[in-house]
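Just so you know, all these numbers are worked out from the coordinates, no wet-lab data involved. Note that the structure is predicted; figures quoted are calculated from it, not measured. Methodologically, a virtual Cβ is constructed for each residue, glycine included, from the backbone with ideal geometry; neighbour enumeration extends over all protein chains shown.
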Amino acid sequence: MINRRNLIKKSFIGSLGTGGLLGLSACEKSSMGPAAPLSYEFTAGKPMPWINWAKNQGCFPAKRIAPQSEDELCELLKANHSSRMRPVGAGHSFSAIVPTEGTLISTDLLNGIISTDSQANTARVWGGTRLHQLGPALDSYGLALTNWPDINYQTLAGAISTSTHGSGAALGSLSSMVNELTIATPAGELITCSASTRPELFNAARCGLGALGIITQVNLDTTAAFNLAQTTAVEPLADVLNNIDQEKERNRHFEFLAFPHTSQALVVRTNPIDAAAPITTFGEEDPTAIYQIREAYQKLGILPLVGEYAYQKVIDFAADGAETLTSGPSYSVLTHDRVVPFREMEYTVPADAGPACLEEILSRIARKKIPVIFPIEYRYTQQDNIWLSMFCEQAGCSISIHQFADEDYREYFAEIEPIFRKYAGRPHWGKLHTLGSQALSELYPHWADFLAVRNSIDPAGRLLNEHLTELFGLTGNAHG
Amino acid sequence: MLVTSVYTQFFRYLTLLAAGLIGSFSAPVQAAELTAREAYALGQICSYCHARTGTTAPIIADTQQWQRRAENGFEALVHNTVVGIGNMPPLGTCGYCTETEIRNLVKVISGLTPEALPQNSTP
């Protein structure tokens, strides 16, 4: 997202009067008022709601538990045998994967590195470890993950459970870095699985949506700690797409963010540098720059010809000389502060279909004059063999659309989702989508295998909530 | 070489970090008043935004930054922490914090006591 860089700091947007450049009226926001307000208010002394990061999901759990050891967790699970429950990490999912009126199980206190093996390049980590702490902790042992997601507020267990990923055509998701994991089943039993021990459970649990148990321990494949340099620059989108294959090959990490209603993209290239190279920063980071772009858009107005032309010129002007360079430890360079609340839909299409899918999305936004300024995120990830991974048995191109949390995302996302479907896109489990079991079974080759494992681990459906019940097509049966 | 018991070391590091932060306060809540769970939340979760510049979050015990946000009273700060406000996510993303723990964390992070603030109970 553009807010990672101070793209328009030097622009003249801030000096525009309320009437806007060229005297245009404020942007027509269509029917997009604030999204439906949450009814999860808080009154002192009353039961406290759980609300997710994006403030679009919430619940009043009957009970909250936060075990500090596996033994404690198993005892709690056994004692809690009659109620529904859901695990929660940092609450960064936009989908309704967490809410429960039963027991909410926080993994936060199962936290930290258990052991490392620098010869085997592995690290055993508690599932509740926040990603922003995992990077420095691994680094202190001379280790690193091969890749990182853009955001690092999540817990490791939560990130794995939704196949969270970064970008890099030759690099896998966080789930693909797991070589062994331990889960506490709803019955309070600890099971450790790997490619050689209970492989079916391993293939399911590396992206298990929290439906198989509570992930307590994870053994991760790591690499020797390394440094990266990341550059950003605004470039013509057509040039980027014309050279997409070369960009994927030349850069260890390659991604870009396309600006709706313009022909430009913020291109992010990240490559290794020598450990002895000096840590360098050029250009200032401003995590709230996206607000300035929204202000420009609203002041200019997207009106036929003139407004769009003026907005494009503002982006061009702001982009000129807005290049940045950041270098340092990989965990630091690849992750970014994301403080502006938003809602997100992400689908992963087959890698080769990425450019066409993106072009159709941008074309639809322009043709329908959808009032959105949030850049569209475009990333690549290597294929894996994890059953519910978006990258299962095919390399993927993940395309993400966003909307501010104080604007209604529904009309915009509903307009774009059919395009993702046209390109056989697979939804990100932690982000917004509308697919049900039938559609998902056609997209994920091991859908039935996953459901079979889930049923064997949790036949009573204690780890299901309304969202998962519907997702798995269990409405109407004993789980519903 | 296999390194064991790193968890213990890691936890100790985090606890020291939290204690160090609290020790630097002139705030009314002292380190000894925080439970282990609260210190854990402070060191691991809250500090990631409130102890770093550039995140837009007010810095721990920076009275100048907190006074403006506390104009509606302590209860409003607690309410905003639970349901979120602006760029502040609900519960500060703490999955286990209770109301009591949030109140204690708000005191530490804001460096303000309920008594020193307007008594408005409505956010």
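Find, among the GluC sites (Glu not before Pro) in the stretch A:390-463, those assigned to loop by DSSP (not H, G, I, E, B) with at most 13 other beta-carbon atoms within 10 angstrom.
A:E393
What does the charge count near B:N80 come to, summing +1 for each Lys or Arg and -1 for each Asp or Glu among other residues with Cβ under 15 Å from its Cβ?
+1
Just subtract the alpha-carbon distance of A:N455 and A:D406 from 0.36 nm times their residue separation and send over the number in nm, one decimal.
In short, 13.7 nm is gained.
Using the basic label-point model (7 angstrom from Cα toward the beta carbon), what is the A:Q438 to A:K46 distance in nanometres?
Computed distance between label sites A:Q438 and A:K46 equals 4.1 nm.
Rounded, prolate or oblate: which one fits the stretch A:283-396, using the alpha carbon gyration tensor with axes a ≥ b ≥ c (rounded when a/c is under 1.5, else prolate when a/b beats b/c, else oblate)?
It comes out oblate by the Cα gyration axes.
With labels modelled as points extended 7 Å from the Cα through the Cβ direction, what inter-label distance (nm, one decimal) is found for A:Q68 paired with A:Q246?
If labels sit at A:Q68 and A:Q246, their model points lie 5.9 nm apart.
Give, rounded to the nearest 20 debye, the magnitude of the charge dipole that the stretch A:234-370 has about its Cα centre when Lys and Arg contribute +1 at Cβ and Asp and Glu contribute -1 at Cβ.
540 debye
Going 7 Å from the Cα of A:E75 in the Cα-to-Cβ direction, what parts of the stretch B:36-67 have a backbone nitrogen less than 19 Å from that spot?
Label zone hits: B:36-37.
Multiply the residue gap between A:A224 and A:A187 by 0.36 nm, knock off their C-alpha separation, and tell me the result in nm, one decimal place.
This chain segment gains 9.5 nm when fully extended.
Could you please tell me the mean projected area of the C-alpha convex hull for the stretch A:196-351, averaged over all directions and given in square nanometres to one decimal?
In nm², the orientation-averaged hull projection of the stretch A:196-351 is 13.5.
Using the 10 angstrom Cβ neighbour count as an exposure proxy, how do A:I273, A:I215 rank, fewest first?
So the residues, fewest neighbours to most, are A:I273, A:I215.
What is the calculated FRET efficiency for A:S83 to A:K422, with r their C-beta to C-beta distance and R₀ = 51 Å, to the nearest 0.05?
With a Förster radius of 51 Å, E is 0.75.
What does the helix-only formula give at 222 nm for chain A: each DSSP H stretch with n ≥ 4 adding -39500 (n - 2.57), the total divided by the residues, and the result rounded to the nearest 500 deg cm²/dmol?
The helix-only estimate for chain A comes to -7500 deg cm²/dmol at 222 nm.
Which links in A:K55/A:K78; A:K299/A:K368; A:K313/A:K369; A:K55/B:K107; A:K368/A:K422 stretch past 22 Å when you go from one Cα to the other?
Listed pairs above 22 Å: A:K55/A:K78; A:K55/B:K107.
Between A:S140 and A:A448, 0.36 nm times their residue separation minus their Cα-Cα distance comes to what?
106.7 nm is the gain from fully extending A:S140 to A:A448.
For B:T35 paired with B:Q64, estimate the spin-label separation in nm (one decimal), with each label point 7 Å from Cα along the Cα-to-Cβ line.
3.6 nm
Under the Kirkwood approximation applied to all pairs of distinct alpha-carbon atoms, what is the hydrodynamic radius of chain A in Å?
That comes to 23.2 Å for chain A.
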